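Here it is: the structure, laid out below.
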Amino acid sequence: MAKKKKNKEELPEGMSRRQAKLAARAAERAALEKDPRPYGDLAAETQFIAMQEFVPSATAKLSVKGIDRDVYVCTILPGASAAMVRDVEAGGAAYVALQVRTHTHNPGRDLAYALNWVKNAEDGATLDSTAADGAQPDLKDILDKSAVLEITDHRDFAWWIPEGTQITPEIAQTLNQANETVIESHQVGADIDGTLFWANSGGDKAHIRWVFPIENETGVLNAIARVAARGEMNLGEGTKFAGVFRTHGLIAPVFDLQPEVAYDSYESELARVEKALKAEIDNDAQLNPEERKQLENLKSRQVTLR
């Protein structure tokens, strides 16, 4: 019996079939490798990180290439869905979420996947899961890299419900349950580099979390250690520097505060700390014993998010 002829394949020049398959698999693996800085090409990097990790309820309008409808990035959607498009009667706007039920270890690519889905999504459609597969465009090719976000932080999730929607008992119950999870949160430090949010979870402490924009992680940690060693890494009386988060390639200092003090009372102290840190970022002198102690303490207590 004659052997069946194999279908002709378009192979890269100079490659065997096996070499082409190995190259394709390597490309797939590379596409799905973890990004150390998932939002690193964007001017809004610290804002995306803050909304993803530290803010309970917020929205910001995006300008997305190739999409005519209004598009908003948000913290979370009903059911922790990845994206949704409203019906035309409700305005037809699209929302893509950063805090989602199903995700990969590449949130920037997941966001690109959701934005790419929005381009062709029908009105009223919902994307339940976003999981980047390497086929979506790069985020920097979808968004304006130089654009910053105008974040609106909300006290509840009323923005989930389009104006004029009839509130059924089921919707009311879902909304009430979601609203119970929202802690009071406000953006602060408008004139400070990075993105800062004050939050009060109802305990005996409030906090400011500061997603710091400087890329040199070693320089940032050394600067914090130097300023802390001088006793200056705080926001005034009754406050305390609590440590740092490492998140998506950046450092996020955290301050413990008295919850009864107004969230907008720390602007001058934040400016003082920012000035002190920036003055030390490029200091390559050896740390003294007290500074080394502060650095070791920082590293031993730092928490990595994702």
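For residues that are free of Cβ contacts under 8 Å to residues at least 60 places away in the same chain and among the basic types (Lys, Arg), scanning just the stretch 178-237, find the one that is nearest to Glu296 (Cα to Cα).
Arg230
It is to be established whether one or more residues within the stretch 77-88 are surrounded by fewer than 20 Cβ atoms within 10 Å (Cβ to Cβ), of a type in the set (Ser, Thr, Tyr) and in the same structural domain as Leu143 (by TED's automatic domain parsing).
No, because not a single residue in the stretch 77-88 is surrounded by fewer than 20 Cβ atoms within 10 Å (Cβ to Cβ), of a type in the set (Ser, Thr, Tyr) and in the same structural domain as Leu143 (by TED's automatic domain parsing).
Could you check, for the stretch 122-132, whether at least one of its residues is within 21 Å of Pro36 (Cα to Cα), out of contact with any Cys (no Cβ under 7 Å at 6 or more places or on another chain), among the aliphatic types (A, V, I, L, M) and touching a residue at least 12 places away in the same chain (Cβ under 8 Å)?
Yes, the stretch 122-132 has at least one match.
Give, as residue ranges, the strands (runs of 3 or more DSSP E) completely inside the stretch 164-271 that count at least 3 residues that are more than 24 Å from Pro289 (Cα to Cα).
Numbers: elements: 184-188, 195-200, 206-211, 240-247, 250-257.
Result: 184-188, 195-200, 206-211, 250-257.
Continuing with this model, one more query. Filter the stretch 179-221 down to the residues that are of a type in the set (Gly, Ala, Ser), more than 23 Å from Ala80 (Cβ to Cβ) and under 19 Å from the mean Cα position of the chain (by Cα) and list them by number.
Within the stretch 179-221, Gly189, Ala190, Gly194 meet the criteria.
For every residue, the table says whether it meets (1) farther than 30 Å from Lys278 by Cα; (2) surrounded by fewer than 16 Cβ atoms within 10 Å (Cβ to Cβ).
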site	(1), (2)
Thr168	yes, yes
Ile171	yes, yes
Ser185	no, no
Asp193	no, yes
Phe197	no, no
Asp204	yes, yes
Val211	no, no
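While we're here: Just to verify a result, which residue in the stretch 126-140, among those that are over 11 Å from Thr102 (Cα atoms) and among the polar types (S, T, N, Q), is surrounded by the fewest Cβ atoms within 10 Å (Cβ to Cβ)?
Thr126
The values are calculated or read from the model by the stated rules, or taken from the named source; none is laboratory data. Predicted model, so just to flag it, every value in this text is computed and none were measured. Note: ideal-geometry Cβ built from the backbone for every residue, glycine included; neighbour counts use all protein chains shown.
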